[in-house]
1. (1) surrounded by 23 or more Cβ atoms within 10 Å (Cβ to Cβ); (2) on the phi > 0 side of the Ramachandran plot; (3) not β-branched (Val, Ile, Thr): which one isn't true of B:GLY117, the others all being true?
2. Do we have any residue at all in the stretch B:80-88 that's assigned to a loop (DSSP other than H, G, I, E, B) and surrounded by fewer than 23 Cβ atoms within 10 Å (Cβ to Cβ)?
3. Within 14 Å of chain C (Cβ to nearest Cβ), at pLDDT below 80 and outside any helix (DSSP H, G or I), is that true of A:GLY96?
4. Just checking, which of A:ILE144, A:ILE68, A:ILE47, A:ILE74 is buried (at least 18 other Cβ atoms within 10 Å of the Cβ), closer than 25 Å to B:ILE38 by Cα, among the hydrophobic types (A, V, I, L, M, F, W, C) and more than 14 Å from chain C (Cβ to nearest Cβ)?
5. Can you name every residue in the stretch D:14-61 that is among the aliphatic types (A, V, I, L, M) and within 17 Å of D:LYS3 (Cα to Cα)?
6. If I ask for residues that are within 27 Å of A:PRO271 (Cβ to Cβ) and either away from chain A (no Cβ under 14 Å) or surrounded by fewer than 24 Cβ atoms within 10 Å (Cβ to Cβ) (or both), which ones from the stretch C:191-207 would you list?
7. What residue, among those in the stretch C:301-324 that are among the hydrophobic types (A, V, I, L, M, F, W, C) and facing chain D (nearest Cβ under 9 Å), is surrounded by the fewest Cβ atoms within 10 Å (Cβ to Cβ)?
8. Need the failing condition index for A:TRP294 against (1) surrounded by fewer than 21 Cβ atoms within 10 Å (Cβ to Cβ); (2) within 14 Å of another protein chain (Cβ to nearest Cβ), just the number.
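The values are calculated or read from the model by the stated rules, or taken from the named source; none is laboratory data. Everything quoted here is computed from the prediction, not taken from an experiment. Every residue, glycine as well, gets a Cβ built from its backbone with ideal geometry; the counts of neighbours run over all protein chains shown.
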Amino acid sequence: MILLELLLMLLVAYGVGFLYYGLYRNITARFQRRFGPPLWQSFFDSIKFFLKEESTSHGWMFYLGPIIMMSGAITTLFFIPFFKETTNFSGLSSYGNLFVVLYLLVLGPLGNALGVGTGGNPFGAMGVTRGLSRLFALELPFYIAVIAIMSLSGSADISEIAAHQSTMYALAYPLLFIGALFSFIGMMGQSPFDVVGAPVEVYSGPASEFSGKFLALLMSQSAIYTFAKLVLMVNLFLGGAQGFLELLLKTFVLFLFVISFGSLYGRFKTPQSIDFLLKVPTTIAVIGLILATWS
Amino acid sequence: MEEGFLLEQKTLEGDLNSETSHQSSVDFLMNWFRKRSIFVLAYGTGCGAIEMPPTFTSRYDAERLGIRGAATPRQADVIIVSGYCSYKTLRRIIRTYEQMSNPKYVLALGSCTVNGGMYWDSYNTIKKLEDYLPVDMYVNGCMPRPESILEGFIELQKEIGAGKASSWQKYEENHEFYRKNQEAVLGEKVEPSYEADWYLYEGGL
Amino acid sequence: MENKHITIFHGPQHPGITGNMSVELDLIGETIQKATTHVGYLHRGFEKLVERRTVIQAFTIVCRICVPEPDPNEANFAAAVEELAGIEISERSKYIRVMVLELSRLAAQFLWLAGQSGSIGLYAVGQWAIADRDLILDLFEELTGARVYHMYIYPGGVRRDLPEGFLERVSKLLSYMKKRLKDYDDIFINNSSFKNRAIGVGIISKEEALANGYVGQVLRGCGIAADVRKDAPYLIYGDLDFEVPTELGGDVYARALVRRAEMDQSVHILEQVVEKMPEGEIMVKMPAHRKFKLPKDDTWVKVESARGEFAYYMAGDGTEKIRRMQVRGPSLVHAYTLLENLLVGAELSDVALIMNSLGICPPEIER
Amino acid sequence: MFKTIKSNFATADVEVKRQDLYKVVIKYDRLSALIDFLYNNYTYKILNAITCTDWIEEGHFALTYLITTEDRSNTFMIQTLVGREDTKVESFSKKFKQAQIMERDLHEMYGIDFIGNDNLKELSLENWVHTPPLRREFDTLEFVNEHLTFREGREDNVDVKAETKRLRALKKAQKEADKKAKEAADASALKENEDGK
């Protein structure tokens, strides 16, 4: 039974993730005054890459990278319950709490670093270095906000945190939410924190050397991962969801906000983005933490 | 009644799907996905590159047909040789082309790739691209307008959909012929000089 | 511990390069220790081809020397031939030439806008700018029959008279541009993320800029009002009212501000040209093409292109063919002397930014 | 200024080409001195370009240095003639930084050796082993015909004048043939008519 549920969760995340990517490309296209691709274009792309042949070999470690990332994304998804106050679509969340998820969030970039490091492509290595040096700054405001939330709701269980919110934490404690949102924009790889795969600087960063099936794997991974992160955000700050419709609505609003923000700002340099993340969102989150514990 | 832009989009897509051919349903599906998603390598090799930004941006918007840019050769399906091709560039194009993974296609823009064009008597440009690389589609003009580039893409997509575009196989089969021609203009050392014969190696892994 | 050097090629196949060229970078981490420019990927031997052709045959290929902005080449070629052959062109053709040159300058600035915004990942601006540039190309298509290579500024005048109602369409475009350019200010020039990236990057000092023969926005960005249109007026620029915008910063942002102000000036010049456009002939009587001979003499002509001074040296030898034509584009010195110095100490993420702000255009370096 | 230049450096007058363009032809050994003179006493401080023209009939290269004033209003063309074979010229790359790249370009295109320039590597060509391409004796069409193949159907890589002559002759011959045929036909028709009668 649980296996069926997990499979369903995976399918939902896969489908909705690609749908969101399609919407993302369409919405940015409208920002840029054009028509945009078909809604399922990202899905077509990933299938196309899956059908391509591999012509290079960098050893098994290189290919382990995408596989670690993929498994990281899938397990992250399984530990995040889709809905509150029900055991449907809760996956493995009864076996692990928020700490497991936070740990799994770091697994992806690390796996990537392991793989890309053996690839020999200097741009890939550079992208990974950028990603890792940004990682700490990126996670800090998010962790502070999460700690505050855990102390507020008195639990580390995600569905309990979601259920605990009589008013959404985003409205009750806006400073915490803003601090975490900055991190979230970075985690989603949006401007101005998209230093990892900046095309005009380091080609496509860590993905430079991947082609064919492994690139398809990376694309599917990022679709699933995107949905997982959106659901996590909704559960932590937007009061969770009770049905699919509510979940889709809340995640989509969040997603729309993130991509509109990304369309309006240029890219920071790596030191600039670390600097910014350590100063502004961290300060906001710390003030939020103090206010939240004070009251 | 649709008109204006939507009509154009419908006509283009109708054109794209007009090709019918006899192939098994698995092949049809594979080719359909390949046709609907084309990643173009960001390499402006010649002056035709100046018409590529309009093709890919808001006015002509090639992305609505599933055509978009790719940063690295590993991820690209199509390399556009946009116009005249000097020896120095040819060397890089060959190198880039050989890094791309199969199936891959070559789209040649401009009269210069067909027969030398304006630079027919220039000592530093090649005159006939297909001697050095297998070309899937030529788009003529000096330089081709964005509409013609899109037209060329649609023709290419139709060929891919029908399973006819197979230039990369031609390149592997006639590798010696191409390499001989390349060496004739570039000298003995056509980079990259592969130690291992991995290029012709099945599957790669 | 010894630092690890990596040598990478930035280009020729790279999304962040301004054309088919490459910069060899020696890096420690992401900081550049040494930069070497490589060009020649676009060498077609124009100067040789011109020597083999008659004057009018050569006219058709010169516009291909600089792809983003072909018209200064045509203007220079025509001016050099006219000066050698002693031809004085009509007033109307001068006005039309100025109009074409300014429209092409505006188009080239839009292309720069796209490149500069793309270099910090602000893709929406790039998409808009390319679409707005297409409006200018549409006008060119109506006037000359081609979008990019116009072959329009013919020695002795211009090739075709203005179509009916063309000037109204130009002024309509200008009023659109005036409104539209403010949008670019809002989303790009005044955008805090662009300021963050551009201020203090790629600084050039005034003394260095003067001594090494830099031109265009590089000079104007560090406070020197150098502009061929003012310094040595050609065509009718002496009669027109316009300013040479300058900034003092000498960095990428100063050059961006200068370029943005120049777009306003171009619009202003075009308005005057549309208003003052005289009636008259567009071509003077020219000798038969195949018998058109240049005397044994040489000259040096220059125009202000969108990236700075663009000059031609031309020598005739008494036959139908040109003996020697040397192209001195603005990018030659910028791509080598300037870029190689400017990149040392910069970061990898600044390369595209700096290259775009210098407006380096490889086809005119190697011809 | 012109008088000083004439008496000290050149044999002929300074030619005023345009109100902002002067030209002077001098001997090679006075070149450096003249450039120094203009640099030190006036504001001609910017080296704009170095160009070279190949006068193969007269057996020399004409090197032209274009020097501009600081305010960019006047340009001096200083021309000097140097031999065509094994040309060795003093480099200006120490005095003007930008001369380095210009001299590198000329070295590649004409084979002129600039003494004192530390980097004369190939600029735009790669592995070029033939005559430097901009020298007049290098025939690009011959080179192309020898090394490259054209697509079938491109027959225009011929001398235009000879081709026009040939086409004209062909046309003429065709016309005459037509005329003759017509005459013959007329004659035969006439004959037939007569026969018919």
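1. Only one criterion in (1) surrounded by 23 or more Cβ atoms within 10 Å (Cβ to Cβ); (2) on the phi > 0 side of the Ramachandran plot; (3) not β-branched (Val, Ile, Thr) is unmet by B:GLY117, namely (1).
2. Looking for residues that are assigned to a loop (DSSP other than H, G, I, E, B) and surrounded by fewer than 23 Cβ atoms within 10 Å (Cβ to Cβ), one finds none in the stretch B:80-88, hence no.
3. No: the conditions fail for A:GLY96.
4. Just one listed residue meets the conditions, A:ILE47.
5. So the first thing to find is which residues in the stretch D:14-61 are among the aliphatic types (A, V, I, L, M), and the list is D:14, D:16, D:21, D:24-26, D:31, D:33-35, D:38, D:46-47, D:49-50, D:56.
Hits for the stretch D:14-61 are D:VAL14, D:VAL16, D:LEU21, D:VAL24, D:VAL25, D:ILE26, D:LEU31, D:ALA33, D:LEU34, D:ILE35, D:LEU38.
6. From the stretch C:191-207, those within 27 Å of A:PRO271 (Cβ to Cβ) are C:191-205; that's our starting set.
Across the stretch C:191-207, the qualifying residues are C:ASN191, C:SER192, C:SER193, C:LYS195, C:ASN196, C:ILE199, C:GLY200, C:VAL201, C:ILE203, C:ILE204, C:SER205.
7. This residue is C:ALA315.
8. (2)
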